[in-house]
Amino acid sequence: MRRNDGSGRATAALAVPGLAFVLIPLVALAVRAPWSDAASELTGPAARAALLVSAEVSMGATALSLLAGLPIAWMLARTPLRARAAVRAIVMLPMVLPPIVAGVGLLEALGRFGLLGGLLARAGITLPFTTAGATVAAAFVAMPFLVLSLESGLRALNPRLESAAHTLGASRLYALQHVTLPLLRPHLFAGIALAWARALGEFGATITFAGNLQGRTQTLPLAVFETLQTDPGGAVLLSVVMLVVAAIVLGLTGGRLIAESAR
Amino acid sequence: MRRALAATFFAAVLLTACSSIPGARREIVVLAASSLASVLPQAGAVFEQTHPGTAIRFSFGPSSGLATQIQNGAPVDVFASASERWMDAVASKPGIEDRTIFARNRLIVIVPVQNALGLAKFEDIAWDNVRLVLASEGVPSGDYARSALRRAGIYDAAIANLVSNEFDDQAVVQKVAARAADAGIVYATDTSLSDVPPVKAIPIPDRVNLVTPYSVAIVSGSSQSALAREFIAYLLGPGRSILTKAGFLAPE
């Protein structure tokens with residue numbers, strides 16, 4: 001319902017500072033970017049390599065988070081669990097930890113001489129300094145976003161709808177496909193968009209665990225930081241690229257769906 | 001839960017806002033190469049003791065990144081650079097005074113104490129199976145390391161072994177200490193820290209090694225140039241013993 005008593009306008013006025021807070025730095029990037037150098041900077045091998053590595057790492061990390069996170073969300077939402085709060089806290093920890101701490105932890109766990117390093121080596125898996133390692137680092141910090149979105153989606157979903165489907169003769173799989181998943185979809189997409197966005201922006205865990213090598217582990221944020229040391233203009237241009245990529249993906253999928261799932 | 005998170009957040013913001021202590025002390029900000037991070041705070045502490053009412057604040061990073069910060073208007077009184085290139089950059093913008101070389105350094109190879117590959121000399125880092133980390137190009141220690149590799153004629157083979165370009169020499173030490181990498185090239189002084197992670201040094205022969213100068217200067221626009229000048233004089237005088245004890249070479 002629309003209200004015309006002016007409180008809407010007052011709310012809007014109060015929201016302006018917050019919106020400006022978010023928008024001004026983004027506008028500054030676009031305004032201060034040395035556009036005349038854009039062609040040479042952005043088509044250079046470093047920028048292209050970083051874009052490709054970022055695409056591979058962020059999508060891989062999202063897929064990994066989904067695979068590992070869906071069962072956790074299901075357990076949190078659907079099974080009687082005495083330690084639910086503790087499990088949820090564990091799942092959320094990577095959101096709160098400084099990413100560098102996450103990187104150190106990953107190194108001590110999955111590094112060549114880490115707790116599970118020998119096991120991985122025997123399986124022929126090397127993570128530190130590899131694209132796979134950068135993907136694991138990004139997944140570590142991105143997974144909580146997926147789990148939380150999916151859990152809230154599963155909670156909001158009325159289990160009676162599934163029971164009704166069963167009563168009407170639907171198999172478990174049929175009910176999952178035709179009842180549960182369609183209802184869950186907005187939350188699923190919102191979780192995917194949030195996890196992907198977090199993975200795209202990952203910096204600290206990546207540099208600590210996977211290092212920084214062009215074409216292998218140098219993602220866009222690492223490229224921005226490295227460029228910033230010697231070529232601030234180039235760093236601003238790369239930042240604009242990140243901004244555009246993130247805006248396109250969120251605009252196409254996330255924004256609408258996140259709003260939908262929050263409704 | 002959400003309310004608790006919000007409360008924690010605001011408490012953190014308040015703490016951050018309160019942490020700058022006001023006072024009538026004279027204070028200078030020194031931006032210095034990360035290879036100086038182990039010694040300059042000691043020198044600063046002694047200086048503060050012998051010069052009551054003063055405070056020396058340090059910020060360490062790669063000389064390249066610090067020079068860029070200064071050029072973008074970071075409030076700074078003194079810049080201590082690990083290379084002439086980045087001091088030149090600051091000299092051209094925003095300008096410097098009293099530029100002096102106050103120490104010199106040289107490079108070494110570092111390996112984990114376990115040294116599982118049995119690396120024994122500089123050229124061994126070009127072996128096929130070595131995972132090598134260097135500081136990025138542009139970072140002084142990274143540029144010097146690449147020069148040394150070229151002089152030894154092992155540049156291509158060593159760069160083929162490169163698994164990461166770290167943002168400063170301290171990060172190279174950490175990667176080797178954590179045994180994530182098999183070898184790195186850093187300054188000789190990077191292993192002389194008292195609380196250093198366990199790494200072993202392999203010398204780089206003089207004929208390919210570089211003796212690299214550190215210069216210090218007052219940055220134009222400093223509002224405490226008198227204190228800045230005193231601190232630089234201290235580094236060149238009584239403070240020199242702290243630098244040499246940490247393995248730095250005398251200016252000449």
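Quick look at the numbers
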item	result
Selection from segment B:110-160 of residues that are acidic (Asp, Glu) and either at the interface with chain A (Cβ under 10 Å from one of its Cβ atoms) or more than 13 Å from residue B:204 (Cα to Cα) (or both)	B:128, B:137, B:143, B:156
Given (1) more than 25 Å from residue B:215 (Cβ to Cβ); (2) among the β-branched types (Val, Ile, Thr); (3) surrounded by fewer than 23 Cβ atoms within 10 Å (Cβ to Cβ), index of the condition residue B:133 fails	(3)
Among the candidates A:79, A:43, A:62, residue that is touching a residue at least 24 places away in the same chain (Cβ under 8 Å) and either surrounded by fewer than 14 Cβ atoms within 10 Å (Cβ to Cβ) or closer than 29 Å to residue A:188 by Cα (or both)	A:62
Elements of type strands (runs of 3 or more DSSP E) in segment B:161-252, at least 3 residues being surrounded by fewer than 18 Cβ atoms within 10 Å (Cβ to Cβ) and more than 14 Å from chain A (Cβ to nearest Cβ)	B:199-203
Residue B:189 among the polar types (S, T, N, Q) and in contact with a Ser or Thr (Cβ under 9 Å, 6 or more places away or on another chain)	yes
Boolean, residue A:54 is assigned by TED's automatic domain parsing to the domain that holds residue A:192, of a type in the set (Ser, Thr, Tyr), touching a helix residue (DSSP H, G or I) at 6+ places or on another chain (Cβ under 8 Å) and farther than 28 Å from residue B:131 by Cβ	no
Total residues in segment A:217-233, condition at the interface with chain B (Cβ under 8 Å from one of its Cβ atoms) and either among the hydroxyl-bearing types (Ser, Thr, Tyr) or touching a Phe, Trp or Tyr at 6+ places or on another chain (Cβ under 8 Å) (or both)	5
Filter pass, residue A:53 being modelled with pLDDT of 95 or more and within 14 Å of chain B (Cβ to nearest Cβ)	yes
Lone qualifier among B:31, B:40, B:66 - being more than 14 Å from chain A (Cβ to nearest Cβ) and either in contact with a strand residue (DSSP E or B) (Cβ under 8 Å, 6 or more places away or on another chain) or free of Cβ contacts under 8 Å to residues at least 60 places away in the same chain (or both)	B:40
Verdict on residue B:98 being part of a loop (DSSP other than H, G, I, E, B), in contact with a helix residue (DSSP H, G or I) (Cβ under 9 Å, 6 or more places away or on another chain) and charged (D, E, K, R)	no
Residues of segment A:214-246 classified as surrounded by fewer than 24 Cβ atoms within 10 Å (Cβ to Cβ), more than 10 Å from residue A:51 (Cα to Cα) and of a type in the set (Gly, Ala, Ser), total	4
From B:188, B:171, B:177, B:183, residue being closer than 26 Å to residue B:249 by Cα and either touching a Lys or Arg at 6+ places or on another chain (Cβ under 7 Å) or β-branched (Val, Ile, Thr) (or both)	B:188
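Yes/no matrix, rows are residues, columns are (1) farther than 20 Å from residue A:93 by Cα; (2) within 12 Å of chain B (Cβ to nearest Cβ); (3) at pLDDT 90 or above:
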| site | (1), (2), (3) |
| --- | --- |
| A:136 | no, no, yes |
| A:159 | yes, no, no |
| A:166 | yes, no, no |
| A:175 | yes, no, no |
| A:179 | yes, no, no |
| A:208 | no, yes, yes |
| A:213 | yes, yes, yes |
| A:235 | yes, yes, yes |
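The values are calculated or read from the model by the stated rules, or taken from the named source; none is laboratory data. Everything numeric in this text was worked out from a predicted model, so none of it was measured. Glycine gets a Cβ as well: all are built from the backbone with ideal geometry, and neighbour counts include every protein chain shown.
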